[in-house]
Amino acid sequence: MAKQITPHPVQEEWEQFNSFKLVTKPRLAKVLAYWAVGFFVLLFIGLWLPWTQNIRSTGAVTTLQPQDRPQTVHSTIAGRIESWQVQEGQKVKKGDTLVVLSEVKEKYFDPQLLGRIKEQLQAKEGSLESTQAKAEALAKQIAAMQQGLRFSLQKARNKVLQANLKVQSDSADVVAMRAEFEVAQAQYARQEKLYQQGLKSLTELESRRLKFQEVQAKWQSVQNKVSISRNEKQNARLELSSLQAEYQDKIAKARSELNATLAYVNDSRGEISKMENEYANTQIRSSFYQITAPQDGYVVRALKAGIGETLKEGEPVCSIMPANPQLAVQLYVRPMDVPLLEVGRQVRLQFEGWPALVFSGWPNMGFGTFGGVVAVIDNIDSQGKYRILVVPDPKEGPWPAPVRVGSGAYGWVMLQDVPIWYELWRQLNAFPPDYVGKVNGQQEEAGKTPEKEQK
C-alpha cells in the first residue's frame, strides 16, 4: 500500500526554524533592472525633446553708432596749457570749455594781429580801387584814340580825294594848254614863213612870237601845276599811311599800359584774397585757444596734466565718453558660422558681473540673460573671425543700466529647434548647425523671382 503524503507544505516546515526566517530572497537585481529600464525609457523620451541650436561667442559691450564710442579730444593748434576748466569724471555739455591754451608761434604773438591784418587789407583794397580807376581811364583813352583815328583817317582820305580831283583838273588844263600851244606854234610858224615871203611885217612877226612865248610859258606853268598837284596827292597818301601808323603806335602803348595795369589789378586781387585767407585763418585760429567738448559726455581721463605744458598740433588732450550711447554687443564668430547669420537673428546675452543661470539649448528656461538681435555683420574678418553687432531686442526688456562700454559679454545666437538626439549626432560628427534661412520676413523677399519682380 503506498505511503500517504503529508498534508503540511514544505514552507510551513521551514518556518519552524529561525535560520530560515533570517534568510531573504535576493530582489536587488530586479530593482536595478527596473531602474535601468526606467532610465533608458526616460533617456529615450528625452532624446526627442526640442533643443535650440545656437552659436556661442564672447565679446564686449560697445556702441552701435561710431559717435557714441569713447573719443579722444585733440588740440587743433600748437599751444601752451594755461588752465583746465574740467576735472576727470565731470559731466560736460557740447561746447563747454575743457582747456584754455595760449599761443606758442611767434607769428601770432601780436595781440593786435587781426586789426593790423584788417588795416593792411583795407589799404590794399584802396590801392586796388585806384588801379581799377586807372585801368578804366586807360580803356576810355584807347576808345577815344580809336575814335580819333577813325576821324583822322576819314579826313586824310578826303584830302587824298581832293588831291586826286585837283590832279585831274590840272591834267585837263595841261591838255587844253597843250592844244593852245600847238595852235600858237603853228600860227607862229606860218607867220614866220609869210614874213620870209614878205607878206607880213616884222612887227606882226614879233607880236606873234610874243604871243607864242606867252602860250609856251602858260603851258609850262600848267605842267608845273600838275606836277605840284601830283606831289600833293602823294603827300596826302603818305600822310594817310603815317597817320594810321602813328595812331596804332599810340593805341599799342596805351594798351600795353592798360595790360600792365590790369596785371597789377589781378596781382592785387590775389594778394587781397591771400590776406583775406590769412585774416580768416587767424580769426578761426583764435577760436581754437579754447578746446571745447564735441558732444555731451563725461571726461574720462586727462591725457595731458599740469599748467604750462606745450601741446603739438593734433596731440590728444583728454578722452570723453558720450552721455547717452546706444549700446551694442560685439561678438566674434567663426567663418563657418557666418552663413548662418542674418540681420535680425535673435541672440541671448549674459553680461559679466550680472548673475545668470544659462541653458543654451532652452533659452526660455534661463535666468539673468537678456535678449538681442543681430544688427551688423562685418564683411571682412578680424584675426580669423567675423564681428557682429547685437542691439537690444525691442520685444524684450532693456539691458541692465549698470552695463557700461567695455564690459565683457557672452552670447548665444539662436538658430533652429531640433531634437536632442539630432543635436548630439551633429556634434559627434562635427557638423555645423542647420541653416534656417532668412528672418523677419526676409524669406518672402528672397523667394521673389525676377519674373515676379518684373510683373
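Excluding Ala60 itself, what net charge comes from residues whose Cβ is under 11 Å from its Cβ, given Lys and Arg +1 and Asp and Glu -1?
Here the count lands on +1.
Could you tell me the calculated FRET efficiency between Asn158 and Asn231, based on Cβ-Cβ distance and R0 = 25 angstrom, to the nearest 0.05?
E(calc), rounded to 0.05, equals 0.85.
Please work out how much length the chain gains when fully extended from Arg190 to Gln85, using 0.36 nm per residue of separation minus the C-alpha to C-alpha distance, in nm with one decimal.
24.1 nm
Roughly how many whole Å is it from the C-alpha centroid of the range 273-304 to that of the range 63-103?
Cα centroid of the range 273-304 versus Cα centroid of the range 63-103: 10 Å apart.
Would you mind counting up the charge near Asp267? Only other residues with Cβ under 13 Å from its Cβ, with Lys and Arg at +1 and Asp and Glu at -1.
+2
Which order do the peptides 84-95, 330-341 come out in when sorted by mean C-beta neighbours inside 10 angstrom, highest first?
330-341, 84-95
Whose amide H sits under 5 Å from the amide H of Leu98, counting only residues 5 or more places off or on another chain, with H placed in the peptide plane?
Under 5 Å from the amide H of Leu98 lie the amide H atoms of Ile291, Thr292, Ala293, each far enough along the sequence or on another chain.
Which entries in the list Lys91/Lys312; Lys93/Lys304; Lys105/Lys312; Lys140/Lys253 go over 19 Å, if you measure between the two C-alpha atoms of each?
Distance filter (> 19 Å) returns Lys91/Lys312; Lys93/Lys304.
In vacuum, with every alpha carbon of the range 119-184 counted as one equal point scatterer, what does the Debye formula give for log10 I(q)/I(0) at q = 0.21, 0.23 Å⁻¹? Two decimals, please.
So the normalised log intensities are -0.88, -0.93.
Using modelled amide H (1.01 Å from N, peptide plane; none on Pro or chain starts), what sits under 5 Å from the amide H of Thr369, excluding residues fewer than 5 places away?
So Thr369 has HN proximity to Leu357.
Diagonalise the Cα gyration tensor of the range 113-287 and give the resulting equivalent ellipsoid semi-axes, square root of 5 times each eigenvalue, largest first, whole Å.
Here the semi-axes work out to 83, 9, 8 Å.
Scan around Arg301 for amide H atoms under 5 Å from its own, H built in the peptide plane at 1.01 Å from N, and keep only partners 5 or more places away or cross-chain.
Ser319
Once both labels are modelled 7 Å past Cα along the beta-carbon direction, what's the Gln132-Leu43 spacing in nm?
So the two model labels end up 10.0 nm from each other.
Could you order peptides 216-222, 199-205, 409-415 by the average number of other Cβ atoms within 10 Å of their residues, highest first?
Those peptides, ordered most packed to least, come out 409-415, 216-222, 199-205.
Let me check the size of the range 167-237 from its C-alpha atoms; what are the radius of gyration and Dmax in Å?
When restricted to the Cα atoms of the range 167-237, Rg and Dmax are 16.4, 57 Å.
No value in this document is a laboratory result; all are computed from the given coordinates. Worth saying up front: this structure is predicted, and the values here are computed from it rather than measured. Here Cβ is always computed from backbone atoms with ideal geometry, including for glycine, and neighbour counts include all displayed protein chains.
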